[in-house]
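Everything on this sheet refers to the single structure shown next.
The values are calculated or read from the model by the stated rules, or taken from the named source; none is laboratory data. Treat the numbers as computed from the prediction; the structure is a model and nothing was measured. Methodologically, a virtual Cβ is constructed for each residue, glycine included, from the backbone with ideal geometry; neighbour enumeration extends over all protein chains shown. Areas reflect the complete protein model, heavy atoms only, side chains present, ligands, DNA and RNA absent. Shrake-Rupley method; radii C 1.70, N 1.55, O 1.52, S 1.80 Å.
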Amino acid sequence: MTMAADLPVATRRSSDLSKHSAEVFAEAEDHPVTVTRRDGEALVLMSQREAEGRARLLDFASQLITVTLDENGTLAARMTKVFPWMLALSAPDRESCAQDLVDAARASFSTNQPHLAIAELTSWKETATALAAGLGSADLEWLDEDETVERP
């Protein structure tokens, strides 16, 4: 997979960090900034959110690799070993979940956007949690007519 070419790439000298720290920090809140140094290896400055997103994506990737190394059963069956919360989903939903998670992971890695896979994982896990709590068994009454409600 290739990295997205349109991602912001910022490089600053270490002297910029000391002379214009507020500007460099503000830039690092939007995207990672590479700080070059004459006396050592370049450093990368990024937000805590960015670093945690990357760490979560790598953790998710390691779990997916574990799933792919197992050759017994369907993708969904193998994924329930790593993500036991998937057992709260119906069999067709487990299949959809498994494929959605793989697709989201591929999108995250190809665009360097960790939130795509993490949001998909969180969404399916919350759905499974709600179903396990019995929230999916309630009979719903759908309204056939559109009803306009005034602002309070």
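Hydropathy first: keep DSSP H helices in the chain averaging at least 0.0 on Kyte-Doolittle, then drop any whose Cα extent along the axis falls short of 24 Å, and list what survives. Provide the component values of the computation, followed by the final result.
Working: long enough: 48-69 (32 Å, -0.07); 91-111 (30 Å, -0.42); 114-132 (27 Å, 0.28).
For the chain, where a helix must reach 24 Å along its axis and average at least 0.0, the hits are 114-132.
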> Using the heavy atoms of the protein chains alone and a 1.4 angstrom probe, what is the accessible area of the chain per residue in square angstrom?
Replying inline: 72 Å²
> Based on the mean of other beta carbon atoms within 10 Å per residue, what is the order of 84-94, 129-139, 48-58, most packed first?
Replying inline: 84-94, 48-58, 129-139
>> What FRET efficiency comes out for Ala51 versus Ala91 if R0 is 41 angstrom and r is the Cβ-Cβ distance? Round to the nearest 0.05.
In response: 0.65
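With the full set of protein chains in place, find how many percent of the accessible area of segment 28-91 is carbon and sulfur; take the probe as 1.4 Å.
On the way: 2190 of 4100 Å².
Carbon and sulfur together cover 53 percent of it.
Normalised radius of gyration for the chain, please: alpha carbon Rg relative to 2.2 N^0.38 Å, two decimal places.
Details: Rg = 21.9 Å, N = 152, 2.2 N^0.38 = 14.8 Å.
This ratio for the chain stands at 1.47.
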> Computed FRET efficiency, Cβ-Cβ of Gln63 and Glu147, R0 41 Å: what is it to the nearest 0.05?
Replying inline: 0.35
> Among Glu120, Glu95, Glu23, which one shows the biggest mean-square fluctuation in a GNM of the chain, springs joining Cα atoms closer than 10 Å?
Replying inline: Glu23
> Which value at 222 nm does the chain reach when only helices count, each DSSP H run of 4 or more adding -39,500 (n - 2.57), with the total divided by all residues and rounded to the nearest 500 deg cm²/dmol?
Replying inline: -18500 deg cm²/dmol
> Ignoring ligands, DNA and RNA, what percent of the accessible area of segment 92-152 is carbon or sulfur (1.4 Å)?
Replying inline: 50 percent
> Tell me, what is the FRET efficiency for Ala119 and Thr74 to the nearest 0.05, using R0 = 30 angstrom and their Cβ-Cβ distance as r?
Replying inline: 0.80
>> Using the basic label-point model (7 angstrom from Cα toward the beta carbon), what is the Leu131 to Asp103 distance in nanometres?
In response: 1.7 nm
> So what are the three principal axis dimensions of segment 50-107 from its Cα atoms, in whole Å, longest to shortest?
Replying inline: 35, 21, 19
> Which of Ala28, Ala76, Ala98 moves the most in a Gaussian network model of the chain with Cα springs under 10 Å?
Replying inline: Ala28
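Can you give the percent of C-alpha pairs in segment 107-152 whose distance is more than 16 Å? Could you put the intermediate results ahead of the total?
On the way: 673 of 1035 pairs.
Summing the P(r) of segment 107-152 above 16 Å gives 65 percent of all pairs.
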